[in-house]
1. ARG152 versus (1) surrounded by fewer than 16 Cβ atoms within 10 Å (Cβ to Cβ); (2) in a loop (DSSP other than H, G, I, E, B): which is the lone unmet condition?
2. For residues that are among the β-branched types (Val, Ile, Thr) and surrounded by fewer than 24 Cβ atoms within 10 Å (Cβ to Cβ), scanning just segment 231-259, find the one that is farthest from LEU41 (Cα to Cα).
3. How about segment 328-357: which of its residues are without any contact (Cβ under 8 Å) to a residue 60 or more places away in the chain and open to solvent by 50 Å² or more (accessible area, probe 1.4 Å)?
4. Kindly establish whether VAL267 is open to solvent by 50 Å² or more (accessible area, probe 1.4 Å) and part of a loop (DSSP other than H, G, I, E, B).
5. Any residue at all in segment 205-219 that's without any contact (Cβ under 8 Å) to a residue 60 or more places away in the chain, among the hydrophobic types (A, V, I, L, M, F, W, C), farther than 30 Å from ASN315 by Cβ and in contact with an Asp or Glu (Cβ under 6 Å, 6 or more places away or on another chain)?
6. Name the one entry in ALA54, ALA33, ALA73, ALA62 that is in contact with a Lys or Arg (Cβ under 9 Å, 6 or more places away or on another chain), without any contact (Cβ under 8 Å) to a residue 60 or more places away in the chain and in a helix (DSSP H, G or I).
7. Out of curiosity, is ASP278 under 14 Å from LEU337 (Cβ atoms), over 20 Å from the mean Cα position of the chain (by Cα) and not aromatic (Phe, Trp, Tyr)?
8. Looking at segment 155-168, which of its residues are open to solvent by less than 20 Å² (accessible area, probe 1.4 Å) and either basic (Lys, Arg) or assigned to a helix (DSSP H, G or I) (or both)?
Amino acid sequence: MDLTREQLASLETPCLVIDMQAVRANLQSMQRAVSAAGCRLRPHIKTHKMPLFARMQIEAGACGITCAKVSEAEVMADGGLRDIFIAYPMVGEHRIRRAAALARRVDRLILAVDSPESADALSKAAVRENTGFEVRLEIDTGAGRTGVPLERAADLAAQIHAMPGLRLTGIYTFKSLVYQGAPTADIELAAREEGELMAEAARRIREAGVPIEDISAGSSPTGEAVARTGLVNEVRPGTYIFKDQMLCREGVARPEEIAVRYAATVVSAQHAEYAVLDGGCKFFATDVVPDAAPHFYHGYAAVDGRPELCLSRMNEEHGILTAESGATGLHVGDVLLLTPIHVCTAVNQQNAVWLLDNGTLTRVPVKARGMTV
């Protein structure tokens, strides 16, 4: 990231800085690859949480966006996004009520179900409000979280298809780097299985008399490869727009493509063997544990230009940097740039971020930050 000494000094740390040139290259690269495979791209906004970037994705050719929660989708609609898929079970009257109101504000809203209970609640709400909901059924293809198992998918799809007020138009999954139920580093193998499992689910559902159209899959590690299988017609990567250490370790990104950096200042250096940064666990993402399988990350973030330094431990407001050599060589006032391991949680920690574009820094709010309902 090309920041001048003066720009570094001007930042109110701790903060995140986003390189817009890298962002544009990343989103255009994914869009070209997915389009070339004859597939649609519906990126997940969980990574950036900002209508600004969602609009850039649409302008680059995305068919719509994906959100995790209805509160995120409301923010995106406020920002002008008109085609939204909420890829999360629509359970709870509060979610359904807000989704119904949101559906009246956008051109297309797709909701998710993975159980008869969630579908029935949506159906009753649709009848009560004299409306209809477009829905997709989630299939568990190996991630082991939400989603109906493949062997029960056709029966559940038939039930949903018969419910008043619901239009079951597709199926979706999140699988990532899993093969035969276990983690794998083989992207092509994981993607081929993902496509085949979803194609089989679609076949069974159609044979049960449900004319679904959309088969949606693919995360940032597998998105391009799943699109190339020709077995799905939509992929939903998110992290690709910024990229991070995780995607580098998974073999689908290069360090120079990572668009986001933490900026933090050394606020104490009383001891040669460690220095203290002005950000702790309330700033740095902690959802990936260092020195743990399978990737054994070196600390909670990588210090740019100083690979011997390690962000080895944190308190709420203090980040502790240590050095392999025993002495950090850092001084109070030093401003460091660090690369996130997992960028999605890094962005969601911030109320605002700095955009670096053509040499100019601009501070903008993360409008869907903390939207968890």
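The values are calculated or read from the model by the stated rules, or taken from the named source; none is laboratory data. On a predicted model such as this, the values are computed, not experimentally measured, just so you know. Quick reminder, even Gly has a Cβ in these numbers, built from the backbone with ideal geometry, and neighbours come from all protein chains shown. Accessible surface is based on the protein model in full, side chains and every heavy atom, while ligands, DNA and RNA are left aside. Shrake-Rupley method; radii C 1.70, N 1.55, O 1.52, S 1.80 Å.
1. Condition (2) is where ARG152 drops out.
2. ILE258
3. Result: GLY329, ASN351.
4. Numbers: open to solvent by 50 Å² or more (accessible area, probe 1.4 Å): yes; part of a loop (DSSP other than H, G, I, E, B): no.
Answer is no for this residue.
5. No, there is no match, as no residue in segment 205-219 is without any contact (Cβ under 8 Å) to a residue 60 or more places away in the chain, among the hydrophobic types (A, V, I, L, M, F, W, C), farther than 30 Å from ASN315 by Cβ and in contact with an Asp or Glu (Cβ under 6 Å, 6 or more places away or on another chain).
6. Residue meeting the stated conditions: ALA73.
7. Criteria met by ASP278.
8. LEU156, ALA157, ILE160
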